[in-house]
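Engineer: Before we start, here is the structure in question, set down as structure tokens.
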């Protein structure tokens, strides 16, 4: 662990807290603005979308939109900066893309899955990376589907279980390795501890492993670079950081794992401005800020001469407990370093400021 | 030793006659006569019996009959008598030589009017002339000598060190009183000490609390400062963004005006469709951070043409790490789950394995599950007799598995052994109690098979009963309904005809 003085450590300051009248499942910053979006499920079983603006020391509600089905997750990842359309997955398995200016009719809609869409991610938009804009959804029906908003009804990639075999719930999906027009990789985490890495260029399974606990959240440190690091968090308070630069033919990727809290780690999010810092949110309502340090040599040769990755080390920069309920969603603002929003199951959304991150 | 007596004598002239231990009448000798046990007469009270003649001249006779002060054990204490004293108006200084005995503070007992030094076998007692302040008085031990500094309660000059006319009972009373008083004082002192201790503790606690509170507030103040600093930065950044956007929008408008001409024809239709909602909702847009309505469409459409085409749809087949339970995998539960599975497997294994024919069976053939699977395969291939054999053996191994009877019933139906089919279905149903949602399917099957058997035996009413039972379990099943209807018609038909 690097020795960081107590006075120099980043502080997590709670800036604004907003009580909501519905269960919030996901919260996202609207890119290039001080606005944030809360997605969730109202008590009467309908979906709620609320748009807030950060105004001084409070959140001002700009707009509230109600949808027939509760919404589980959303992303801005696949839209352009001008359009800023929101892609959402709901409890019924529908994938919709909304124009928030005219939210009555979705810009794109498809009933992608038979069961709830647990997780969604988008790539190719927001001026980040190259290639076609694509959205990936992972659902409880065990399938992971990749959609292109320009093609209706049919996914461009479908990862499903072999016919007749049992299926496991897919809990989380993430895009990565999108550094040029063709390359793209999707990582999916399942409830039986499987992590699978699918290569979309070759349409094949590139790597899989099992981390012995249901996988709650996976994220690459950057979507638009050659795959560098992948963090996978799981039940039982564990998370693994995989070094994705070197793949060994049998051993796969090197990793370092950490057991941070007694409870499930619900989310991991990397800081957009520094890809070695990430925050994990836990089932006990706590947030941990971590820093990854690279080893002296990132790869070494094993006994047969194959390249093998070397995992680095993790240090805990700060931790804070904000709530008694799990913090299920977390999002860093891409525009202001250290500004993040988190939504917890105690029906509050909090805007936090993490200080001194530029000094790390 | 004898000399020490007169050396320190000072004070009132009368003293001489009151000198204890009979200074005048001291018999020279290195040691005072050690009192032999039982030799009361040799003991002399240190209190001077001045009244009884010249000092020590009274000698033994004067003290006769006086009871000793509760002689400790059998040995009589040796009186220390060669003390000497002098006084000032406020204090009395008493010096007591110890004759080689070692003294500790525990040996000295002093109360308001009574002083005792007891170093077995030596003893020195004095009922003082007037009360002294025993809390402030001191005793210094050293040089084979104890030096008392007794502060008088009332400043006056004492006639003698000890009370003159002290008779036995008074002495006793005084002694006891003194002891009691001393005890009381000790108690009071402990009480007082306790109270002061508590006070001190409380004070200490309050002090620490204050310190901690101060610390906490300091930290809060720091946090508040951070928060405000950051809030200010945020505001600044927001304003910057707004200004920046405004500037950008103005710039872009100028740029695009130049581009509009050649693109207008191409984009006209699309523009009309998309511009209207944008303009309509521009009022609801608060700040112009979203950008600039119609102008952006152009740039976006341009970019679209540079994007690659959507991928060709493909499917990737996935195999999952097998897991029996539908719940998520948790490391801490793995042990429990393994145990449960193990127990389930145990329950299915051989119950009665002492059949001699089993010895020549292969290992797998002794497993009822394996036999069941074999039976199922043979049923699927149409070898009903073989299937029945397999089920028979399985039942012999474990007769608690309802599924074996169920499947055997199906075989018997095919073989038209209807009675056996009925038997087996009944046995299966028996085993399938209690009726829970888990074994719904099995129970439906059992009822249906039994019903079919009854119908084929032309016992339609019983058959109908079974079908209705099946329908009760699985109400939505159309096939069952149809069959039940058919049977009803048959019954009505036979009733009519008969």
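Engineer: How are the Cα pair distances of the stretch A:222-285 distributed, in percent, across 5 Å bins from 0?
Structural biologist: 4, 17, 25, 22, 17, 11, 4, 0
Engineer: If I stretch the segment between residue A:356 and residue A:306 completely, what's the gain in nm (0.36 nm per residue apart, minus their alpha carbon distance), one decimal?
Structural biologist: Values: separation 50, 0.36 × 50 = 18.00 nm, distance 4.08 nm.
The span from residue A:356 to residue A:306 would gain 13.9 nm if fully extended.
Engineer: Calculate the spin-label point distance for residue B:192 paired with residue A:109, positioning each point 7 Å from the Cα along the beta-carbon direction, and give it in nanometres.
Structural biologist: Label at residue A:109, label at residue B:192, 9.2 nm between them.
Engineer: Also: Would you mind computing the Rg to Rh ratio of the stretch B:364-492 from its alpha-carbon coordinates, Kirkwood style for Rh? Present the calculation step by step, with values, prior to reporting the outcome.
Structural biologist: On the way: Rg = 14.8 Å, Rh = 14.8 Å.
Reported Rg/Rh, Kirkwood definition of Rh: 0.99.
Engineer: How do A:209, B:315, B:104 line up, fewest other C-beta atoms within 10 Å first?
Structural biologist: Numbers: A:209 18, B:315 13, B:104 8.
Fewest-to-most ranking of A:209, B:315, B:104: B:104, B:315, A:209.
Engineer: Something else now. Give the shape of the stretch A:93-182 as rounded, prolate or oblate, defined through the alpha-carbon gyration tensor: a ≥ b ≥ c are the square roots of its eigenvalues, a/c under 1.5 means rounded, and otherwise the shape is prolate if a/b is larger than b/c and oblate if not. Don't jump to the answer; show the numbers that get you there.
Structural biologist: On the way: a/c = 2.05, a/b = 1.27, b/c = 1.62.
Cα axes put the stretch A:93-182 in the oblate bin.
Engineer: Does chain A classify as rounded, prolate or oblate by the C-alpha gyration tensor (a ≥ b ≥ c root eigenvalues; a/c under 1.5 gives rounded; else a/b over b/c gives prolate, otherwise oblate)? Before the final figure, lay out each step's value.
Structural biologist: Values: a/c = 1.58, a/b = 1.11, b/c = 1.42.
It comes out oblate by the Cα gyration axes.
Engineer: Considering only C-alpha atoms, what is the centroid distance from the stretch A:285-360 to the stretch B:100-137, in Å?
Structural biologist: Comparing the Cα centres of the stretch A:285-360 and the stretch B:100-137, I get a distance of 79 Å.
Engineer: Based on the alpha-carbon gyration tensor of the stretch B:78-163, what equivalent-ellipsoid semi-axes (square roots of 5 times the eigenvalues) come out, in whole Å, largest first?
Structural biologist: One finds semi-axes of 21, 12, 12 Å for the stretch B:78-163.
Engineer: Past the 22 angstrom mark, what percentage of all C-alpha to C-alpha distances in the stretch B:166-261 do you count? Provide the component values of the computation, followed by the final result.
Structural biologist: Details: 3314 of 4560 pairs.
More than 22 Å apart: 73 percent of the Cα pairs in the stretch B:166-261.
Engineer: Right, something else. Arranged by the count of other C-beta atoms within 10 angstrom, fewest first, what order do A:349, A:123 take?
Structural biologist: Details: A:349 23, A:123 29.
Sorted ascending by nearby Cβ count, the order is A:349, A:123.
Engineer: Which value in nm describes the separation of the simple spin-label points at residue B:392 and residue B:255, placed 7 Å from the Cα toward the beta carbon?
Structural biologist: 9.0 nm
Engineer: How far apart, in nanometres, would the label points at residue B:212 and residue B:456 be if each is projected 7 angstrom from Cα along the Cα-to-Cβ direction?
Structural biologist: About 8.3 nm separates the two model spin labels.
Engineer: What is the percent of Cα-Cα separations in the stretch A:140-253 that go past 23 Å?
Structural biologist: Details: 1741 of 6441 pairs.
For the stretch A:140-253, the fraction of Cα-Cα distances above 23 Å is 27 percent.
Quick note: the coordinates plus some simple rules give every number you see, no bench work behind them. What you see is a predicted model; the values in this text were computed from it and never measured. Methodologically, a virtual Cβ is constructed for each residue, glycine included, from the backbone with ideal geometry; neighbour enumeration extends over all protein chains shown.
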